[in-house]
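Written out below as structure tokens is the structure these notes cover.
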Amino acid sequence: MLTDKTSAERLVDQTLKQVVTDLSAWRQAHPNQPILLGHGGGSFGHYWAERYQTAQGIINEQSWWGVARVADAMARLNRAVVGACLDADLPAIGIQPMASSLANAGEIQQIGSQTLATLLAAGTIPVIYGDVLLDVAQGCTVASTERIFSALVGPLQPTQIILLGEQAVYDADPRQHADAQPIPLINRTNYAAIIARLGGSHGVDVTGGMRNKVEAMWQLVQQAPQLEIWICGPQQLQSALSGQLNGPGTIIKLD
């Protein structure tokens, strides 16, 4: 995880450095492979969104302050990620979702996919993130990185999404159950049983926890049968990029 969700606006610098270093090494070996990076709100955006109830829309006179605070926090976190990428010789370009996206009743209706496609074709690495979006029905909404990816899967047609953070999807909360075991594969044969057992998030998270994440990713693989979604810890990034997991991790795919 890039941030500590139990403390407001705390960046885990060591994890960020590890991720960009591993990504840089892989990119040097695969210079023509397009990469789109995305990061969540962590303890930056979620802290302010919780305080102002931003996910509920414009509900009182303080709501626009919430929009401003969430947007500012997420932009600062994005600058930290982009800066770390540039330091690691990765041609990263930060992309603000709020500037090119619009929602309606919490659902993303438009998103700047053509800009991303152009940047990917040029060999750069766009870095998007979960953000507060304007919403024609409720004024504003909070769109997680997973929802941003969901809106981009159709136009960009990726074959793999790697979600770094938790080590894997577990059969019980590993923070509460020492004997919890990672689930290596989620597909159509076991999805229903697994989703019934999953819980929420550790720390402040206005976009939902592991259950919401798996549900969103399952919808994605249903929409795009060619897609595989890998959930693993930062130390597994190199192996996941290479198409294998040497350690805990979960792959979500249709079959």
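The values are calculated or read from the model by the stated rules, or taken from the named source; none is laboratory data. Since the structure is predicted, the reported quantities are computational estimates derived from the model, not experimental observations. All Cβ positions, glycine included, derive from the backbone under ideal geometry; neighbour counts span all protein chains shown. The protein model used for the area step is the full one, side chains on, heavy atoms only, and it has no ligands, DNA or RNA in it. Shrake-Rupley method; radii C 1.70, N 1.55, O 1.52, S 1.80 Å.
List of remarks:
- Quick note on the range 113-255: its Rg to Rh ratio, both from C-alpha atoms and Rh being the Kirkwood radius, is 0.97.
- Close amide-amide hydrogen proximity is noted between LEU163 and TRP230, ILE231, CYS232, each under 5 Å apart and 5 or more residues distant or on a separate chain (H modeled in the peptide plane; Pro and chain starts excluded).
- DSSP finds beta bridges in the range 109-239, and of those with both partners inside it, around 55 percent are antiparallel.
- Heavy-atom accessible area order for SER113, SER242, largest first, 1.4 Å probe: SER242, SER113
- DSSP beta bridges in the chain [antiparallel fraction, %, rounded to 5]: 50
- For the range 1-110, the dipole from Cβ point charges (+1 on Lys and Arg, -1 on Asp and Glu) about the Cα centre works out to 40 debye, to the nearest 20.
- Cut-off under 5 Å, modelled amide H: who pairs with ALA92 long-range: LEU86, ILE125
- The range 30-119: GluC sites (Glu not before Pro) in DSSP loop, at most 10 other beta carbons within 10 Å: GLU61
- Just the protein heavy atoms count here, and of the accessible area of the range 94-199 at 1.4 Å, carbon and sulfur take up 51 percent.
- Computed on protein heavy atoms with a 1.4 Å probe, the accessible areas place TRP64, TRP26 in the order TRP64, TRP26, largest first.
- Charged side chains reduced to their Cβ positions (Lys and Arg at +1, Asp and Glu at -1) give the chain a dipole of some 100 debye around its Cα centre.
- Under the Karplus curve 6.51 cos²θ - 1.76 cosθ + 1.60, θ = phi - 60°, whole-Hz ³J(HN,Hα) for the range 145-155, x wherever Gly or Pro sits: 4, 4, 5, 4, 4, 4, 6, 9, 4, x, x
- P(r) of the range 33-133 over all Cα-Cα pairs, binned every 10 Å from zero, in whole percent: 16, 43, 30, 10, 1
- Charge dipole of the range 54-213 about the Cα centre (unit charges at C-beta), most positive-ward option of VAL132, MET98, GLN160: GLN160
- Under the Karplus curve 6.51 cos²θ - 1.76 cosθ + 1.60, θ = phi - 60°, whole-Hz ³J(HN,Hα) for the range 93-101, x wherever Gly or Pro sits: 10, x, 10, 8, x, 4, 6, 10, 10
- Estimated from helical segments only, the mean residue ellipticity of the chain at 222 nm is -12000 deg cm²/dmol, where each DSSP H run of four or more residues counts as -39500 (n - 2.57).
- Phi angles of the range 18-35 translate, via the Karplus equation with coefficients 6.51, -1.76, 1.60 and θ = phi - 60°, into HN-Hα couplings of 4, 5, 6, 5, 5, 5, 5, 4, 5, 5, 4, 7, 9, x, 9, 7, x, 10 Hz per residue; Gly and Pro are given as x.
- Accessible area ranking (1.4 Å probe, heavy atoms, ligands and nucleic acids excluded), largest first, for ASP171, ASP13: ASP13, ASP171.
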